[in-house]
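Structure first, commentary second.
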Amino acid sequence: MFVDRIKIFAHAGDGGRGCVSFRREKFVPKGGPDGGDGGRGGDIILRADTQVDNLSALFYEPIIKAKSGVHGQGKKMHGKAGVDKIVKVPMGTIVYRAQGPRARDEHGDLLPQQEPQVEAPTEEPIVDLAVEGQEFVLAEGGKGGKGNVHFKSSKNRAPIQYTEGEEGENGYFLFELRTIADAGLVGYPNAGKSTLLTKLSAARTKTLHPVIGVVNLGRYERATVADIPGLIEGAHRNVGLGHDFLRHITRCKILLFVVDTAGSEGRNPIEDIQNLRREIDLYDKRLSERSWFIIANKMDLPEAEENLAALKQRFPSVEVVAISAAKEDGIKELKSKLAEWLERSTSG
C-alpha cells in the first residue's frame with residue numbers, strides 16, 4: 001500500500017513524578033529529605049530516510065507515543081529518562097499542524113482521528129524533511145518533576161512537597177510526501193511513461209503512485225527520474241487523483257512530457273502537450289517556469305513521423321527526443337540529453 005498523505009496524533013512522553021522520601025539509615029534516624037527527581041519524557045523525532053519511500057507505516061500507527069520518564073526514587077535517585085521515539089519518513093516529507101479532537105477511551109488512552117478524510121493544510125509547514133538523515137523534534141518530552149529534596153529550607157526540615165512531571169507536547173499533524181527527483185515524467189495514461197522508466201532504470205512501476213528510478217548516465221553520473229501517474233483534464237481542480245499526482249512534480253528540477261506521438265488511441269500529441277501544460281500552470285504557475293522537454297514516444301507506430309514533424313513545428317523552441325520505449329530505440333540518446341538538460345538546469 002502506498003500512502004503519501006496522512007494525519008497522525010503525536011504525544012511525547014510525560015515527565016516522571018518527583019519523589020517524597022526521607023533518609024532512614026542506621027545511626028541516621030532523621031536524615032532529612034532525599035527524594036529524587038522524575039525522569040524527562042522521551043521526544044518524538046522525525047528522521048528522513050532514503051530506505052523509506054512512503055508513509056504507509058503511519059497508516060498502521062496513527063498515534064505515535066514516546067515513553068514517559070520514570071518517577072524519582074529515594075536516596076536522591078533520579079528517574080530514568082523516557083526513550084525517544086524515532087519515526088523514519090521518506091525524504092520529501094512536509095509536516096503541517098492539523099486540527100483534531102483530543103478523544104480518549106474509557107481507560108483514558110488517546111484515540112486516533114475518527115474522520116477518514118484528511119483536510120488540506122491551512123498553515124505554513126513546520127518542517128520540510130528534504131535532506132537525507134535530517135531530523136526534527138516533532139514533540140518534546142515533558143520535564144521531570146522535582147523531589148522533596150528541593151523543598152528543604154531552614155524553616156521546613158521535612159518537606160513533603162514534590163511536583164508532578166510535565167505533560168509531553170502533543171497534537172495532530174498532517175504528513176504530506178512530495179517526491180524528490182531530478183526529472184519528472186509527465187503524461188496522459190498509456191503514453192508509455194512506465195515502460196520508458198523500466199528501460200531507463202531498474203525501477204518497476206506501479207500505476208497509482210509515483211515511482212523513482214535511478215538512471216545511469218555514464219562517467220559515474222546518475223540521475224533520479226520519477227514516473228508521475230497519468231494526469232487527466234481537471235487535475236488542477238483535484239478531479240480524479242489530481243492533487244495527489246500533481247504535488248509530486250513540484251520538486252523535480254526538470255519536466256519531461258511523454259506523448260504518444262502516433263496517436264494510437266485517438267489522441268493528438270499536440271493537444272496532449274497543451275492540456276498538460278495548462279493543468280500544471282493552473283495548479284502552480286511556478287511549475288510553468290521550470291525547464292521542460294518533450295519525449296516523443298511510440299515512434300515505431302504508423303503516423304508517428306508525420307505527427308513528430310507537426311509537434312516540432314508547434315513547439316519550435318522546445319527540444320524533442322524521439323524514441324520507442326517498447327523497442328528501446330533512442331534510449332541512449334535520451335540518456336545523453338537527460339545529462340545535458342540536468343547540467344544546464346543546475347548551472348542556470
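The values are calculated or read from the model by the stated rules, or taken from the named source; none is laboratory data. All values derive from a computational prediction rather than experimental measurement. Methodologically, a virtual Cβ is constructed for each residue, glycine included, from the backbone with ideal geometry; neighbour enumeration extends over all protein chains shown. Just so you know, the surface numbers come from the protein's heavy atoms only, side chains and all, with ligands and any DNA or RNA stripped out. Shrake-Rupley method; radii C 1.70, N 1.55, O 1.52, S 1.80 Å.
Some values worked out for this structure:
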quantity	calculated
Unique match (being modelled with pLDDT of 90 or more and out of contact with any helix residue (DSSP H, G or I) (no Cβ under 9 Å at 6 or more places or on another chain)) among D109, D53, D105, D128	D128
Set G171, G192: member being over 17 Å from the mean Cα position of the chain (by Cα), within 30 Å of G41 (Cβ to Cβ), at pLDDT 75 or above and of a type outside the set (S, T, N, Q)	G171
Search result, residues across the stretch 78-100 that are open to solvent by 60 Å² or more (accessible area, probe 1.4 Å) and modelled with pLDDT under 95	R97, Q99
Residue in the stretch 339-348 that is part of a loop (DSSP other than H, G, I, E, B), surrounded by 13 or more Cβ atoms within 10 Å (Cβ to Cβ) and touching a residue at least 12 places away in the same chain (Cβ under 8 Å) present	no
Selected residue (criterion: nearest to A202 (Cα to Cα)) from residues of the stretch 280-338 that are assigned to a loop (DSSP other than H, G, I, E, B) and among the acidic types (D, E)	E328
Qualifying residue in the stretch 326-338 (condition: open to solvent by 100 Å² or more (accessible area, probe 1.4 Å), more than 13 Å from I273 (Cβ to Cβ) and under 29 Å from the mean Cα position of the chain (by Cα))	no
Criterion violated by I249 - all others in (1) within 24 Å of V52 (Cα to Cα); (2) open to solvent by less than 10 Å² (accessible area, probe 1.4 Å); (3) modelled with pLDDT of 85 or more satisfied	(3)
Subset of the stretch 1-35 that is of a type in the set (F, W, Y) and over 22 Å from L129 (Cβ atoms) - its residue that is surrounded by the most Cβ atoms within 10 Å (Cβ to Cβ)	F22
